[in-house]
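Just below is one structure, and these are the notes that go with it.
Derivation of every value follows stated rules applied to the coordinates shown; laboratory data play no part. Fair warning: this is a prediction, and the values are worked out from it, not measured in the lab. Glycine also receives a Cβ, built like all others from the backbone with ideal geometry; neighbour counts cover every protein chain displayed.
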Amino acid sequence: MDKDLENINAIRILAVDMIENAKSGHPGIALGCAPILYTLFAKHLNVVPDDDKNILRDRFVMSAGHGSSILYAMLHAFGYKITMDDLKQFRHIGSKTPGHPEVDLVPGVDATTGPLGQGVSMAVGMAMAERMMASRYNKPDLTLFNNYTYALVGEGCLMEGVSYESLALAGTLKLNKLIVLYDCNNVTLDSTISGVMDQDIIMYMTSLGFNCLEVKDGNDINEINNAIIKAKTCKDKPSFIKINTHIGFGSPLQDSNKAHGSVLGEDNCRILRENLGVKTQPFDLGKDVSRDLIFLRKRFESVKADFKERLKTYSKYYPGDYKLLMSCVDNDFDGLHETIKTVSMDKELSGREIGGLALNVLCNKYPSIVCGAADLSGSTKVKFNNNGFINENFANRNIKFGVREFGMNAICNGIALYGGLVPIDSTFMVFSDYMKPALRLGAMMHKKSITILTHDSIAVGEDGATHEPCEQLWSLRAIPNLNVFRPANLVETCVAYESALKYNGKSVIILSRQKLSNFSSNYTDVIKGGYIVKDGQKRQLNGVILATGSEVSLALEVQKLVENRGYSIRVVSMPSLEIFEQQSSKYKNSIIPRDLKSIFTIEAGSTSGWYRYSGKYGKCFGVDDFGYSGKSEDVYRKFGLTPENLAKEIVQTIRNNRDKMLTLLDE
């Protein structure tokens, strides 16, 4: 048997052993695409297995993340820090080998994948990041960044709409260091692709601006190797290689959808081993294969030496640029607090305009920040004003994503994963629903990136219900590890940016289209996520109003009316509930007294999550419906969000609660 084929078959069986042991997994893709991954790892990937975060390495994204077993088996075979014991714990809680690849948990995994289409979109982001870093740091006499980004996709990835959004942009930007490997077996979970994916994929990808190649036999590693070599010679287009494979290759379920997501079982595995000529025991690659893999891994030693020498030479001849590079890679925002405090304004501005001021101050100071929008930079104000677009020159720092919210956010996840850059993307808040899956995956990966969402409430007005976000805010707050900010003034906006740039994860900053009153706030208070804006006039409080964003000013107007009627009420701004909830119980109780019954919330959106604070005695004011088309003040009035109406309701509630307490005392 050919030595490479012997190695591939042993690794195929190892992946199946993992699935059988876990009694769960996807054997079909593991058996079908093993030659693709083997060719890539054995002959092309320039990586350092014992330094798997090396900034100069090639990237590989297993966009078809259900093929994790073959990826883990391949990483183990090529010297990454995944042991045979780790493989035996595949899909077990607490293991380094979860059901789908997770970045930072699994050595050698460059992106968390599984939701189809997002992996290849993140690969597009990585390829964009490589071009941006190369344009900034490469010198005429020294090339630092020139890595390739590879992505393995299946039919599912190409059917998900987000892949089109991202791949269309990749073609437009001519990202020639991106190579997409299509594991084409014409089968999905339910059936063959007949009737659901009938387009000529080569013509389709050609129309997107890709250099397209085809491998007739997905078991022929020479053919795969030659196709990848040819793809690398293309200097003005990304490449797409269609590789025809057999799902469940070698098993009795070959070419059947039954091989997709179910264990093969003992009898089928016995036949598979016979067909592939593998005679070793489970979880044993065999002496000959193990010896050959050690030989193949020696290639990485020269890669490691090359990376080390390049960085050493660069630091010697370009020490200033090297220092800047390392600070960007380390996410160093030295002097951030002092920088953000220089943001100022001399008149009332909208939340988005304040955000634009803060962003430009930060961009002038920190070159790692890159900005983008889904064809809305003029509206969201997310643009570095002293700079152009990468679409014209990759040395620039603004990105035109086109009308592609989902693709934009997934691409930004890829940029953040690459290292050395912090992406800030933007759109209208109501369109956050388009990007929600990428926000979720980004929050899961704990990489620094920021999303700006403007036009944040029914105050959008005449555009009407289709453009007025109502339920979106709480759906964002429901995502774990996602820090959500809805600032109400200049200081809160600056703190939101500062907190987001300090946070090792994904953040969302929500900004208004309408002007905000610039009431006074203290940085040390705002940084805690919730604080007292204005306390009641009397020592004995009758109630507390919690508000966010533009409704804080509304709450202050309501407070005046309530105080005029003889009741003492406190106004609390809650720019970030996530950060507020991280504070001590003592602090939270000092802001929202635990024994106080009359707690009110005002936010021009869904009230669904506010009841945790208001309880059964308080009241939540908001918009539990879709909006209306009309002047913003009329829409607010339609939902009862006027100072007079809110004051009336609050006073009545305080009285009712007082009467209830008196009744209980009498009893």
Going by amide H atoms built from the backbone, whose H comes under 5 Å of the H on C212, apart from near neighbours? F240
Helix 490-502 against the longest principal axis of the chain: what's the angle in degrees, Cα atoms only, rounded to the nearest 10? 30
With a 10 Å Cβ neighbour count serving as the proxy for reagent exposure, in which order, fewest first, do R655, R273 appear? R655, R273
Ordered by packing density, taken as the mean number of other Cβ atoms within 10 Å over each peptide's residues, highest first, how do 618-631, 547-560 rank? 547-560, 618-631
Sort out for me the Cα centre separation of the range 206-231 from the range 273-297, rounded to whole Å. 27
Which percentage, to the nearest 5, of the DSSP beta bridges contained in the chain is antiparallel? 10
For the Cα atoms of the chain, what angle does the longest principal axis make with the long axis of helix 68-77, in degrees from 0 to 90, nearest 10? 60
Along the charge dipole of the chain, pointing to its positive end and built from +1/-1 on Cβ of Lys, Arg, Asp and Glu, which listed residue (I340, Y204, Y497) has its Cα farthest out? I340
Using θ = phi - 60° and the Karplus relation 6.51 cos²θ - 1.76 cosθ + 1.60, list the HN-Hα couplings for the range 470-482 in order, rounded to whole Hz, with x at every Gly or Pro. 10, 8, 5, 4, 6, 5, 6, 5, 7, 7, x, 6, 9
Calculated log₁₀ intensity ratio I(q)/I(0) where the Debye formula runs over C-alpha points of the range 503-628, q = 0.18, 0.19, 0.21 Å⁻¹: -1.04, -1.17, -1.42
Ranked from fewest to most other Cβ atoms within 10 Å of their own Cβ, R539, R570, R310, R486 fall in the order R539, R310, R570, R486
Under a Cβ-only charge scheme (Lys and Arg +1, Asp and Glu -1), can you give me the dipole magnitude of the chain about the Cα centre, in debye to the nearest 20? 1680
Given the peptides 580-589, 599-608, arrange them by the average over their residues of other C-beta atoms within 10 Å, most packed first. 599-608, 580-589
Isotropically averaged projected area of the range 336-510, using the convex hull of Cα atoms (one quarter of hull area), nm²: 9.4
Using +1 on the beta carbon of Lys and Arg, -1 on that of Asp and Glu, and nothing else charged, what's the dipole of the range 548-667 about the Cα centre, debye to 20? 300
Taking θ = phi - 60°, what integer Hz values does the Karplus form 6.51 cos²θ - 1.76 cosθ + 1.60 yield along the range 34-39, in sequence order, with x for Gly and Pro? 3, x, 5, 5, 4, 4
Shape call for the range 82-173, from the Cα gyration tensor axes a ≥ b ≥ c (a/c under 1.5 means rounded, otherwise prolate when a/b beats b/c, else oblate), comes out oblate
So, how do all the Cα-to-Cα distances of the range 138-212 break down into 5 Å bins, in percent, from 0 on up? 3, 13, 22, 23, 14, 10, 7, 4, 2, 2, 1
What shape does the range 568-661 have by the C-alpha gyration tensor, where a ≥ b ≥ c are the square roots of the eigenvalues, rounded means a/c under 1.5, and otherwise prolate means a/b greater than b/c and oblate the rest? oblate
In whole angstrom, the spacing between the Cα centers of the range 134-154 and the range 594-663 equals 55
Mind ranking 37-44, 80-87 by how tightly packed they are, going by the mean number of other C-beta atoms within 10 angstrom, highest first? 37-44, 80-87
Among K53/K528; K96/K298; K323/K436; K88/K258; K341/K528; K515/K648, the pairs whose Cα-Cα distance exceeds 28 Å are K53/K528; K323/K436
Per the C-alpha gyration tensor (a ≥ b ≥ c, the square roots of its eigenvalues), the range 187-328 is rounded if a/c is under 1.5, else prolate if a/b beats b/c, else oblate; here it's oblate
So how strong a dipole does the range 392-542 carry about its Cα centre when Lys and Arg Cβ are +1 and Asp and Glu Cβ are -1, to the nearest 20 debye? 500
Check cross-link reach from K216 to the aspartates and glutamates: straight Cα distance under 18 Å, and skip same-chain residues fewer than eight apart. E155, D183, D200, D255
Once phi is turned into ³J(HN,Hα) by the Karplus curve 6.51 cos²θ - 1.76 cosθ + 1.60 with θ = phi - 60°, what whole-Hz value does each residue of the range 529-537 show in order, with x for glycine and proline? x, x, 7, 7, 7, 8, 8, x, 6
Go ahead and run the numbers for FRET between K538 and V403, Cβ-Cβ distance against an R0 of 41 Å, rounding to 0.05. 0.15
Hey, can you grab everything whose amide H is under 5 Å from the amide H of V533? Only 5+ residues off in sequence or another chain; H modelled, so Pro and N-termini drop out. V571, V572, S573
Rg/Rg_ref, the chain, where Rg_ref = 2.2 N^0.38 Å and atoms are Cα: 1.08
The convex hull of the Cα atoms of the range 3-302, divided by residue count, gives a volume in Å³ per residue of 120
In the range 3-302, taking the dipole from +1 charges on Lys and Arg beta carbons and -1 charges on Asp and Glu beta carbons about the Cα centre, the listed residue (N268, P238, S194) farthest towards the positive end is P238
Rounded to the nearest 10, the angle in degrees between the Cα long axis of helix 551-564 and the longest principal axis of the Cα atoms of the chain comes to 20
Check the straight Cα-Cα distances from K232 and name the aspartates and glutamates below 17 Å, setting aside those fewer than 8 residues away within the same chain. D58, E130, E214, E223
Measure out, as a whole number of angstrom, how far apart the alpha-carbon centroids of the range 57-83 and the range 464-489 sit. 36
